[in-house]
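The values are calculated or read from the model by the stated rules, or taken from the named source; none is laboratory data. Since this is a predicted model, take the numbers as computed values, not measurements. Heads up, the Cβs are rebuilt from the backbone with ideal geometry, glycines too, and the neighbour counts pull from every protein chain shown. Side chains are part of the model used for accessible areas, which takes the heavy atoms of the whole protein and leaves out ligands, DNA and RNA. Shrake-Rupley method; radii C 1.70, N 1.55, O 1.52, S 1.80 Å.
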Amino acid sequence: MAEVRLEGVSKRFGSVEAVDDLHLDARDGEFIVLLGPTGAGKTTTLRLVAGLEKPDAGRVHIGGRDVTHTTPAPRDVSFVFQQYSLYPHLSVYDNLAFPLRAPARRLPEREIETRVREIAGLLHIEDKLGNRATQLSGGQMQRVAIGRALVRKPTVYLMDEPLSSLDAKLRAEMRVELKRIQRELGATILYVTHDQTEAMTMASRIGVLDRGRLVQVGSPRDIYEDPVNTYVATRLGSPTINLVPRSLFAEVAAPAATVTIGVRTEHVRIRRNPNGAGRVKRIEHLGDQNHLHVTVMDTDVVVLTDPEERLAVGDVVGLELGKPLFFGADGGRLRH
Amino acid sequence: MNDVAKASFIERAATATPAPVARVVKGLSDRAIAWLFISPTIILLLAINIFPLVWTIQLSFTNYRANRPNAEVKNIGIDHFQSILTDPDVWAAMQATAHFVFWTILIQTILGFALAYLVDRRFRGHGFWTTVILIPMMLSPAVVGNFWAFLYQPQIGLFNYVISFFTGLDPSSFEMIGSVKLAPWAIVLVDTWMWTPYVMLICLAGLRSIPEYIYEAAEVDRASKWRQFWTITLPMALPFIMLAVLFRGIENFKMFDLVNLLTNGGPGSTTEVASITLKREAFEKWRTGYSSAFAIILFVTVFGLANIYVKALNKVKSR
């Protein structure tokens, strides 16, 4: 395994700046998740590391070696593509064995078989080894694709939304599995997703991308609790953080330039209070928790409450903010 | 389209239909209308495909001659089939056909695929070159035949001149069409010149159908270009290549126009492919019954071979 370093990497496609002056330092054995919506440049970043794209500017280092101008092969990375990029005319076994049979490796067929069977067991596809790749379901295909990456011991694993085509149950299982594998192998993984649960549960550190720029890098906890701007704040948390005008909570002590107050749904405390400013508009029952939509001066505030809380639609309530975050006019975070 | 517009469209169509037609159509069931629409095609099919086929089968059992329409027609059973299958001249013609089919397919497939592979590299101006390569295919075989007959002309033909320019041979020392040895290859060359672009086009479709990300995955998996070609490109383009072989095989089994114009089976009968024999029997010797039997044998042969081949093709496709 090796560390990956991106130094001021930029890549444009026509007039679109896909990746803009990106700096990232993935340490050996780290699980880095790149998070962002579609078009934020996550996949391009991964492809730049793999060597499938050449950067317009900046340098790419893998394991201390400058690989900016090399082809994918000598970088010795493994890549899980978002589409199941299986070799359709080969069996599952041969698909998994394909990277091991690269002439640069020269592994004996016995060892290849051991590795393939081991990985197949890990991904629950042992009984599919004889099948043609095209005879599998979407979820199975993606597991084969993940398996094809895991079967080798590359410098770094690059994964582009590998779990997006799996059903919810399998996805949860694979999340745990991937994290376990990563720990056992001490693997460096660069992982792209727009799923915040994946980011929160697996990442050593999360990098949040916005239109080709890396806005913030930090542990999941840092990103969640200490976002640098409103964009990062809205990336994590479900339901999304409440961003309300400062005027709504005039009593809260805030820096002078504050325009927006952000408060996570679980940090709003709510109490029935006839003189309160809010009125319960809607209640979503999720079983283990309730989402209350409270209207405060025409603005909706979502509040996470205990299901035991006996509040009904139309109740007048008072709100109290815990751990408020303050943002300026440009969306940037303001600190006391 | 909203309901109002639809209604008015139907209304307009209805009012535009002449009253007598409307009255007739109104009385017909959907099934009858369906038949009404496909009947012209069916009648044409019956008249120019099915009826001649049936008639040919019937004639093949008789001694009928088209140039003596008033002579007595006798039923002679399978005599024609027997004499055809035991006739060494017929087997010579079949051999000439097999030689022609084999070499044209082999050369055209290799060249066509190679060209497709090169054009698929998407170099600058690849669109222009694709069009240029396709030109021979767009010409009429009659034009191509006459044109190459001139090129092959030993005294004034450009072909002999070019060969002599590059090899130093005397241009009038060899005849492409007149020589027993070269004539079969002269035809193979023309057919290849004309139809390789067609094979290229089909192979190109095959190559374009292979998604880019498979190559990217292979690239990351450290497969060399050579290995990518053998494990991805060729297997995935194979159904298309086989399809091209099928089309060219059937076409060339029936090859008539180019051979007729270039050599007319000569010299002697060295390039007398099956269809030329058929023409001679039918329209030079006027043995209508005999040639009908021969036509049926050819038809069954090509039909049988094509069927076996299509089975193999489907097997490859379903992999």
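Observations
- Entry note: segment A:261-302 has Rg to Rh equal to 0.95, where both radii use alpha-carbon atoms and Rh is the Kirkwood radius.
- Sparse-neighbour loop sites [chymotrypsin sites (Phe, Trp or Tyr not before Pro); segment B:212-309; at most 11 other C-beta within 10 Å; DSSP]: none
- Using Cβ point charges alone (K and R +1, D and E -1), the dipole size of the protein assembly as shown about the Cα centre works out to roughly 500 debye.
- Viscosity 0.890 mPa s, 25 °C: Kirkwood-radius Stokes-Einstein D of segment A:121-268 over Cα pairs, µm²/s: 137 µm²/s
- The radius of gyration of the Cα set in segment B:1-80, together with its Dmax, comes out at 24.5, 71 angstrom.
- Helix axis angle, A:138-150 relative to chain A longest principal axis, alpha carbon, degrees: 70 degrees
- Part-to-part distance (alpha-carbon centres) for segment B:199-240 and segment A:49-91, which is given in Å: 19 Å
- Rounded to the nearest 500, the helix-only mean residue ellipticity at 222 nm of chain A stands at -7000 deg cm²/dmol, with each DSSP H run of n ≥ 4 adding -39,500 (n - 2.57).
- Under the combined filter of DSSP loop state and at most 10 neighbouring Cβ atoms within 10 Å, segment A:156-252 retains none of its chymotrypsin sites (Phe, Trp or Tyr not before Pro).
- Calculated log₁₀ intensity ratio I(q)/I(0) where the Debye formula runs over C-alpha points of chain B, q = 0.07, 0.14, 0.15, 0.16 Å⁻¹: -0.48, -1.15, -1.21, -1.29
- Within chain A, longest stretch clear of exposed trypsin sites (Lys or Arg not before Pro) (DSSP loop, no more than 10 other Cβ within 10 Å): A:107-309
- Probe 1.4 Å, accessible area per residue of segment B:2-59, Å²: 86 Å²
- Normalised alpha carbon radius of gyration of chain A [divisor 2.2 N^0.38 Å]: 1.18
- Loop sites in segment A:263-336: GluC sites (Glu not before Pro), DSSP, at most 15 other Cβ within 10 Å: A:308, A:309
- Here the relative contact order of chain B, from alpha carbon pairs under 8 Å that lie six or more residues apart, stands at 26 percent.
- Look at the alpha carbon pairs under 8 Å that are at least 6 residues apart: their mean separation over the length of chain A gives a relative contact order of 17 percent.
- Burial of 40 Å² or greater, segment B:219-261 residues [accessible area, probe 1.4 Å, versus chain by itself]: B:219, B:220, B:221, B:222, B:227, B:231
- The protein assembly as shown - percent of accessible surface contributed by carbon and sulfur, probe 1.4 Å: 60 percent
- For the protein assembly as shown, the Kirkwood radius over C-alpha pairs fed into Stokes-Einstein at 4 °C and 1.567 mPa s yields D = 40 µm² per second.
- Structure-based [θ]222 nm, chain B - -39500 (n - 2.57) summed over DSSP H runs of at least 4, per residue, nearest 500: -22500 deg cm²/dmol
- Dipole orientation for segment B:103-254: of the candidates B:187, B:104, B:116, B:116 has the Cα lying most toward the positive pole (charges on Cβ; Lys, Arg +1; Asp, Glu -1).
- Seen against the Cα atoms of chain A and their longest principal axis, helix A:168-185 is set at about 60 degrees.
- When Rg and the Kirkwood radius Rh are both evaluated on Cα atoms of segment A:182-331, their ratio Rg/Rh stands at 1.03.
- Mean partner shielding of peptide A:46-53, defined as the number of other chain Cβ atoms within 10 Å of each residue Cβ, is 2.
- Burial here means at least 50 square angstrom less accessible surface with every protein chain in place than with the chain by itself, probed at 1.4 Å; in segment B:274-319 the buried residues are B:319.
- Shielding of A:79-85 by partner chains, average beta-carbon count, 10 Å: 4
- Long-range tail of P(r) for segment B:239-319 (Cα pairs > 22 Å, %): 38 percent
- Relative contact order of segment B:73-202, pairs being alpha-carbon contacts under 8 Å that are 6 or more residues apart, as %: 33 percent
- In summary, the convex hull built on the alpha carbon positions of segment A:176-240 has an orientation-averaged projected area of 4.6 nm².
- Chain pair A, B: total accessible area buried, heavy atoms, 1.4 Å probe, Å²: 2000 Å²
- Between residue B:32 and residue B:70, the modelled labels are 4.8 nm apart [label points 7 Å from Cα along Cα→Cβ].
- Long-range HN-HN contacts of residue A:319 with modeled amide H, under 5 Å: A:277, A:278
- Rh (Kirkwood; distinct C-alpha pairs) - segment B:142-271, Å: 17.5 Å
- What the Kirkwood sum gives for segment A:268-330 is a hydrodynamic radius of 12.2 Å, with every pair of different alpha carbons counted.
- Pairwise alpha-carbon distances in segment B:135-210 exceed 17 Å for 54% of all pairs.
- With the biggest extent put first, the Cα atoms of segment B:100-164 measure 42, 29, 27 Å across the principal axes.
- Membrane-span-like helices in chain B, defined purely by DSSP H runs whose alpha carbon atoms cover 30 Å or more axially and whose average Kyte-Doolittle hydropathy reaches -0.5, are B:88-119, B:183-208, B:288-317.
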